[in-house]
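Working notes for the structure below.
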Amino acid sequence: MKKRQAKDYSVFVITELLNNFFFEYLAMNKGMQLPGIRKHKTTSGEFTFSIFVPTWNNIDCLKLCIESIRKNSFFKHQLIVHINEGSDGSLEWITQQNDIDYTYSKTNIGVCYALNACRTLVSTDYILYLNDDMYVCPNWDKVLYDEIQLIGHPYFFLSATAIEPILSSSCAIQKDFGTNPSNFKEKELLEQFESLQMQDWSGSTWPPNIVHRDVWDLVGGYSIEFSPGMYSDPDFSMKLLLSGVEIFKGLAKSRVYHFGSKSVGRIKKNKGYYSFIAKWKISSSTLTKYYLKSGHKYNGPVSMLPLNAGLKLKNFYKRILASIKG
């Protein structure tokens, strides 16, 4: 780890510990409830990845997601689902699946708590985070696994490439194969997904993504101050960058279909944009565009470059704004 990164990371570790202490204090003394989480582990055997799938009353998408993992994966994986609430029948359904470990909360606790709860059941070296409204394409996992073997060390953050009906970022491919499970054109997707043009890209941040569990533990998983989850993804990437991870790579040949988030519109959103700035003293766009080069052709490891004068001024203004609106 570079000296500057090590110094920055020591500051980060202290900050994370103070944040966790602060939230625990609020929980005990200010009436803020920490989530009661139930865990259930049924699986055993040799697995390649531990796949986290948080879900909130989205049973049709969840079933399709799990089905695609079962039939389109090259390797056998440990499936770990977090059920938020489960009033749509998803809790009953998950208890009937003998190949899925799960955690459960009576209310929606958000993605940060959900992912951290899933970590307690992990039995492999690799943690992969997948949205419940994603359908994995054939051999998606083998592409990721082969890349990990080529890298040869645990300090990486890799993503699969999403195919979306409505493009959400330059890291995805736009092609409409349906907007939900009821109008999903699975046959067409399976016939065409390999032919869609894309190159390996820089800036792995959003799911589906994979990290070594030692690195996950090093940075403390997902930061609960971003609950229920807005801007928790770039926060996780920032923590990885400061910890010494330099490989943020999206793999073009590892593909999933993404219907598009349905849960975000149902939650009361946290002020993640301003929380990110207050925590890291830069905007999330500075991280993704300047440091990670998100969406650009992959050209190798990234580094913590000094900010130019224009970005320093921009982020100074953003910090003032965050102190007012955050």
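With the requirement that a residue be under 14 Å from I127 (Cα atoms) and in a strand (DSSP E or B), what does segment 50-81 give you?
Those that are under 14 Å from I127 (Cα atoms) and in a strand (DSSP E or B): S50, I51, F52, V53, P54, Q78, L79, I80, V81.
Filter segment 50-83 down to residues that are within 17 Å of the chain's Cα centre (by Cα) and farther than 16 Å from P208 by Cβ and give me whichever is surrounded by the fewest Cβ atoms within 10 Å (Cβ to Cβ).
Ranking the candidates gives W56 first.
Can you tell me which residue is nearest to F52 (Cα to Cα) among those in segment 84-119 that are of a type in the set (D, E) and under 21 Å from the mean Cα position of the chain (by Cα)?
My answer is D101.
Does K279 meet the test of being in contact (Cβ under 8 Å) with a residue 12 or more places away in the chain, surrounded by 14 or more Cβ atoms within 10 Å (Cβ to Cβ) and basic (K, R)?
yes
Please tell me if S182 is within 24 Å of K63 (Cβ to Cβ) and in a loop (DSSP other than H, G, I, E, B).
Answer is no for this residue.
Counting just the residues of segment 185-215 that are assigned to a loop (DSSP other than H, G, I, E, B) and among the hydrophobic types (A, V, I, L, M, F, W, C), which one comes out nearest to S294 (Cα to Cα)? Quick ask: steps written out before the conclusion?
To start, the set of residues in segment 185-215 that are assigned to a loop (DSSP other than H, G, I, E, B) comprises 185, 196-200, 203-208.
Within this subset, residues satisfying the condition of being among the hydrophobic types (A, V, I, L, M, F, W, C) are 196, 198, 206.
Details: L196: 20, M198: 14, W206: 11 Å.
Filtering first and then ranking leaves W206.
Looking only at segment 216-264, how many residues end up being in contact (Cβ under 8 Å) with a residue 60 or more places away in the chain, closer than 25 Å to I59 by Cα and assigned to a loop (DSSP other than H, G, I, E, B)?
The number of residues fulfilling the criteria is 9.
Pull out all pairs, ordered by first then second residue, where Cβ-Cβ is under 7 Å, the residues are six or more apart or on different chains, the first lies in segment 143-163 and is within 23 Å of K239 (Cα to Cα), and the second is in a strand (DSSP E or B) and among the polar types (S, T, N, Q).
The qualifying pairs are L144/S254; F157/N209; L158/N209; S159/N209; A160/S254; T161/S254.
Given the conditions (1) surrounded by 15 or more Cβ atoms within 10 Å (Cβ to Cβ); (2) of a type in the set (S, T, Y); (3) free of Cβ contacts under 8 Å to residues at least 12 places away in the same chain, report the number of the one that Y317 does not fulfil.
Status for Y317: all satisfied but (1).
Give the residues of segment 280-304 that are in contact with a helix residue (DSSP H, G or I) (Cβ under 7 Å, 6 or more places away or on another chain) and either assigned to a helix (DSSP H, G or I) or more than 23 Å from Y222 (Cβ to Cβ) (or both), sorted by residue number.
W280, S284, T286, L287, T288, Y290, Y291
So, in segment 187-227, how many residues would count as being modelled with pLDDT under 95 and of a type in the set (D, E)?
Within segment 187-227, residues that are modelled with pLDDT under 95 and of a type in the set (D, E) number 1.
Counting only residues that are out of contact with any strand residue (DSSP E or B) (no Cβ under 6 Å at 6 or more places or on another chain) and over 29 Å from D132 (Cβ atoms), which one in segment 284-301 is surrounded by the most Cβ atoms within 10 Å (Cβ to Cβ)?
Here the answer is T286.
Let me confirm something: among S123, S159, S202, which residue is of a type in the set (S, T, Y), farther than 19 Å from V53 by Cα and either touching a strand residue (DSSP E or B) at 6+ places or on another chain (Cβ under 6 Å) or surrounded by 21 or more Cβ atoms within 10 Å (Cβ to Cβ) (or both)?
It is S202.
The values are calculated or read from the model by the stated rules, or taken from the named source; none is laboratory data. Keep in mind that what you see is a predicted model, and the values were worked out from it rather than measured. When we count neighbours, we look across all protein chains shown, and the Cβ atoms used for this are built from the backbone with ideal geometry, even at glycine.
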